[in-house]
1. Determine, for each peptide in 26-37, 10-21, the mean count of other beta carbons within 10 angstrom over its residues, then list the peptides with the highest first.
2. Could I have the simple spin-label model distance between THR18 and LYS44, label points 7 Å from Cα toward Cβ, reported in nm to one decimal?
3. Using only the C-alpha atoms of the chain, find the volume of their convex hull and express it per residue in Å³.
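Please treat every number below as a calculation from the coordinates, not as lab data. Nothing here was measured: the structure is a model prediction, and the numbers come from that model. Please note: Cβ atoms are built from the backbone with ideal geometry, for glycine as well, and neighbour counts cover all protein chains shown.
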Amino acid sequence: MTNTVYIISGPAGVGKSTTSRHLVQTLVKSAYVSGDQVSHFPVKG
């Protein structure tokens, strides 16, 4: 099984969140995780 991670980046106001939410709606198994949430993930090691 192959998993794919899409990373959407760019300057403020260009539609990253909107594009990401639309992408999630088109995929069968998907999740939207904002960059703000990722920055708070605990990392050890």
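1. Answer by packing, highest mean first, reads 10-21, 26-37.
2. The modelled label-to-label distance comes out at 4.2 nm.
3. Once divided by residue count, the hull of the chain is 110 Å³.
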